[in-house]
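Structure first, commentary second.
Bear in mind these aren't lab numbers, they're just calculated from the coordinates by the rules spelled out. Quantities reported herein were computed from a predicted structural model and do not represent experimental measurements. Cβ atoms come from the backbone with ideal geometry, glycine included; neighbour counts cover every protein chain shown.
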Amino acid sequence: MSEADFIKRIEAVASQYGNRFLLEPAPDDRLPEHGMTAVDAMRLIGEELVLDGIPQRNLATFVTTWMEPEAQRVIAENLHRNFIDHAEYPQTAEIEQRCIRMLADLFHAPGETTGARTQGSSEAIMLGGLSLKWKWRERREKAGKDTTRPNLVFGGDVHVVWEKFCRYFDVEPRIIPLQPDRLTIGPEDVEPYVDENTIGVAAVLGTTFTGHADDVGGINDLLVRLRESKGFDVPLHVDAASGGFVWPFLYPDTAWDFRLEQVRSINVSGHKYGLVYPGIGWLVFRERSDLAEDLVFYENYLGKTDATFTLNFSTGSSMVLAQYYNFVRFGREGYRYIMETMQENARRLAQAIADMGPFRLVGTPGAEQLPLVAFQLAEERGYDEFDIASQLAAERGWMVPAYTLPPNADHVTIMRALVKLTLGHGMALTLASDLAAACDTLDRKGGLHELDRKRVKTGTGY
Ligand SMILES: *Cc1c(COP(=O)(O)O)cnc(C)c1O
């Protein structure tokens, strides 16, 4: 039989037994002329995604990779509900407001306040930053002063979104460099950068690099002092993308939130330690007046007046509902249990890694930190952290990123493993022994030849 005949025969029976993409390439450059059966479409996508990493072995991401089946059901059953249609779905809008009130309370807001559901912390930071800029301009205009040179002060330990905000919205970024032995910032670092054109200072609670917090309390005290001595009323925004759901449960006595008077706004990612799948973040203001009124749009849409403060318009309701699901499902006790469990497993993993020999831990033992383990090679070997990351991925599929720190600590390379709910005690110890095995392989190979190095460029900030 010729090859052409063979293919014809196979195609004839494929509709019965197979999947046409066993013999055809997947459409990849133009909308195909004809469609396919639902099953073929589903299989086509499913088969390709097998090539992606398994999310539960992705220890690089802070974002949720597992939710309970009941939560998944809430999500699946509400995908058709456009969140922005407040008039049509008033109860969904009410549930969003409940989440905002619960977060404001968790963050010790002094009274009634306001906030917004966002796509994630990035949108929350854009909106929070805009409000800082607008409020600064109002203050300057009132005082008859120049409004053309706004600046924003933050450390090199922030997420890239802060620089993005500055570029998109025309604000001068004043970035405080880190030091190799100091990977967060405090008041003495901030002070020289603040002036009358500073729209705000951003402090991080749980950096993406090592999981530690800036000295939010110290920065607050500095800003209070500057207000009293120089008359600059500089607001403090806390980027609690990760830390906002960790600190209230692990370190309830540490004041980083609205207990500090200069903290005017806070963002948190619902899809990180809020334990919801990607697509949800929150912005919470200290008081209603901290949201610049000019940024709120009152529109008459489909017969009802609605106030919106967002960069997007249409979006799903599922993740808002999933956030509320977690709030009522876990309560404070549940979140505390989950955070403590992750912290305990992170501690055990850290101990196992420290005992292994080649590594030392990054960070001060006992410092307040997100549940993760940051570590680096303790001494020169024939290979580096990037090689270990590749080897670990090759041997067991673990995604543990290696990366360099921001300036002026950019010659420092570290690795970091997030310890989430799906990395239980046994899994954490398996990871530790896999890490030791990866080092053994590299030792046996005598390190990798320079040309063979596959530098897996793994970002850290997602
Ligand atoms: C993840 C993260 C962000 C960005 O948040 P998204 O929710 O991914 O948009 C900003 N800041 C910090 C500190 C983060 O960890």
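Some observations on this one:
- Debye log10 I(q)/I(0) at q = 0.07, 0.10, 0.14 Å⁻¹ for the chain, Cα point scatterers: -0.43, -0.83, -1.34
- Estimated from helical segments only, the mean residue ellipticity of the chain at 222 nm is -12500 deg cm²/dmol, where each DSSP H run of four or more residues counts as -39500 (n - 2.57).
- Computed from the C-beta positions of Glu287 and Arg167 and an R0 of 30 Å, the FRET efficiency is 0.55 to the nearest 0.05.
- Only lysine pairs 8 or more places apart, or on different chains, with alpha-carbon atoms under 17 angstrom apart are counted in the chain, and they number 7.
- Computed over segment 73-326, the P(r) tail beyond 29 angstrom holds 28 percent of alpha carbon pairs.
- Segment 184-268, Rg to Rh (Cα coordinates; Rh as Kirkwood inverse mean 1/r): 0.96
- The relative contact order of segment 339-457, computed from alpha carbon pairs under 8 Å that lie at least 6 residues apart in sequence, is 31 percent.
- Considering only the chain, percent of DSSP beta bridges that pair antiparallel, nearest 5: 60 percent
- Packing order of peptides 197-206, 304-313, highest average first: 197-206, 304-313 (average count of other Cβ atoms within 10 Å over each peptide's residues).
- Mean separation of Cα contacts under 8 Å, 6 or more apart, over the residue count of the chain: relative contact order %: 20 percent
- Separation between Cα centres of segment 345-367 and segment 166-187, rounded to whole Å: 28 Å
- Across segment 3-52 the C-alpha pair distances fall into 10 Å bins from zero in the proportions 22, 52, 25, 1 percent.
- Net length gained if the chain between Leu22 and Glu70 were fully extended (0.36 nm per residue, minus Cα distance): 13.7 nm
- The protection proxy used here, the mean number of other Cβ atoms lying within 10 Å of each residue, ranks peptides 245-251, 124-130, 222-228 as follows, highest first: 124-130, 245-251, 222-228.
- Here the simple spin-label model places points 7 Å from the Cα toward Cβ, and for Gln351 and Leu49 these points are separated by 3.8 nm.
- For Asp233, net neighbour charge (Lys/Arg +1, Asp/Glu -1) across residues whose Cβ lies under 9 Å away: +2
- Projected-area mean, segment 43-175, by convex hull of Cα positions, square nanometres: 13.3 nm²
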